[in-house]
1. Within region 252-304, how many residues are assigned to a helix (DSSP H, G or I), of a type in the set (A, V, I, L, M, F, W, C) and touching a Cys at 6+ places or on another chain (Cβ under 8 Å)?
2. Looking at region 200-258 only, could you name the residues that are surrounded by 15 or more Cβ atoms within 10 Å (Cβ to Cβ) and on the phi > 0 side of the Ramachandran plot?
3. Out of the residues in region 38-81 that are touching a Ser or Thr at 6+ places or on another chain (Cβ under 6 Å) and within 16 Å of the ligand (Cβ to nearest atom), state the one that is most open to solvent (accessible area, probe 1.4 Å).
4. Does region 289-298 include one or more residues that are within 27 Å of residue 324 (Cβ to Cβ), of a type in the set (S, T, N, Q), in contact with a His (Cβ under 9 Å, 6 or more places away or on another chain) and within 13 Å of the ligand (Cβ to nearest atom)?
5. For the subset of region 418-443 comprising residues that are part of a loop (DSSP other than H, G, I, E, B) and touching a Leu at 6+ places or on another chain (Cβ under 7 Å), which member is farthest from residue 64 (Cα to Cα)?
6. Does residue 107 satisfy the condition of being within 15 Å of the ligand (Cβ to nearest atom) and farther than 19 Å from residue 188 by Cα?
7. Test residue 333 against the stated conditions and say whether it is at pLDDT 95 or above, closer than 29 Å to residue 15 by Cβ and within 14 Å of the ligand (Cβ to nearest atom).
8. Can you name the residue in region 305-314 that is over 21 Å from residue 276 (Cα atoms) and outside any helix (DSSP H, G or I) and, of all such residues, is nearest to the ligand (Cβ to nearest atom)?
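The values are calculated or read from the model by the stated rules, or taken from the named source; none is laboratory data. Values in this document were obtained by computation on a predicted structure and should not be read as measured data. Positions of Cβ are backbone-derived with ideal geometry, glycine not excepted, and every protein chain shown enters the neighbour counts. Just so you know, the surface numbers come from the protein's heavy atoms only, side chains and all, with ligands and any DNA or RNA stripped out. Shrake-Rupley method; radii C 1.70, N 1.55, O 1.52, S 1.80 Å.
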Amino acid sequence: MDSKKYDLIIRTDKAYLSSATNPKDITVRSCDIGIKSGKIVEIKDQLDPATADKFYDATGKQVLPGLIDSQVHFRDPGSPQKEDFGSGSKGAILGGVTAVFDMPNTKPNTSTVERFNEKRETVAKKTFCDFALFAGATNDNSKELPEIENLPGCCGIKIFMGSSTGDLLVSEDQYLANVLRAGKKMISVHCEDEATLEARKSIAIEKANPIAHPEWRNEESALKATQRIVSLAREAGRRIHTLHITTKQEMEFLKDCKDIATVEILPQHLYFHAPDCYEQLGSLAQMNPPIRGIEHQEALKQALIDGIVDVVASDHAPHTLEEKSRTYPECPSGLVGVQTIVPLMLNFVNQGLLNLEKLCLLMSVNPAQIFKAKGKGGIFIGQDADFTIVDINKKQTVSNKDIASRAGWSPYDGHEFTGWPVATIIRGVFAMENGQALVEPGFGQPLQF
Ligand code: DOR
């Protein structure tokens, strides 16, 4: 059989290429990218379109490395009314996301070797995008964690220091220290101090309104947990990734902790602020840690500009509208977001908060490096042929009817964003083009670490 030299050539006048020796070094170039067997094999000024099975002209668009959402909750197994890996990952590809890292607060929790393997096998059959899974830390599984973290598809460990959705919780120093000393992979931490949350819960019950959410789960509860885990991580000599940081005080603290801790923020904390979000959206704006006042939003933006922030992720945490309509604080916390993170971040690019090079760092190069994902993170020869192709000028309004999540809503319903993905390419295959999903469930593969 006559086989062509390339499976795909992408012609571009703006490709965001990484240096192979330092992927954080990104340059914008006009070039042709040659792809064979799912890998980037050539980057040249011009390649002959006749040498490829498929030729895609991306001139006029921006060709970014495959954008990764390194914090999603796809609820698989256990809560199919909210989401499963099929609906969640379909939202991902439609939104320009090529790979997701899924959280372990499922039913049952992903906290044993057996459950981890079972989850990977089950979700692999449903997924539209590439994926990795977190192992959940508990008070008594630290002996098993080194084995779990080495299973195929495991990106690392997740610790909940404060109670959120589900029952995963490691709140006391002795157990946290056990987890930090077990194994080697990255540990991602939800930093809210459980004792402080418990002591203040009456505020939420008395006010019975989500507007009280940032008062219950206050700034001190976040800062205290972040300071505790950094101190324990230093003692154990184990790097940590602090998830969804929300306060000015934590940023002030974390800027001097780069030796031990990387920092994630969420775009919803940059876009919404209290009290307005609760007045407009009620419990649809309720999440943990909470959306806070505008001074914190401004501090997060400044931290992004100053390079304190390493990663942006969605924390896609779907709940049904019925669940969300329960009286606060009985209504669950979490926002739908995997499908809108890329347009929302592109909208911030258009507003001048960051440039596209920085977005490539925050959602591709940095998550791949922090978690040591093989073949992902940045465009250079030898990498997986993952691309998020965007039209930075395209305007479109988010609508609940377009949301693939089973939850069926978006906090951005009716909001117009400028900058949208037009194609999602995973290992050389078009998973999405012009808003249409083009791959079948089961196309996605577990990442290697
Ligand atoms: O708001 C949240 N929802 N924060 C979390 O930490 C968990 C998530 C969920 O799983 O619903």
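1. 1
2. 244, the sole residue that qualifies.
3. Across region 38-81, the extreme among qualifying residues is 81.
4. no
5. If we take residues in region 418-443 being part of a loop (DSSP other than H, G, I, E, B) and touching a Leu at 6+ places or on another chain (Cβ under 7 Å), then 435 is farthest from residue 64 (Cα to Cα).
6. So residue 107 fits the description; yes.
7. Answer is no for this residue.
8. Checked region 305-314; the qualifying residue nearest to the ligand (Cβ to nearest atom) is 313.
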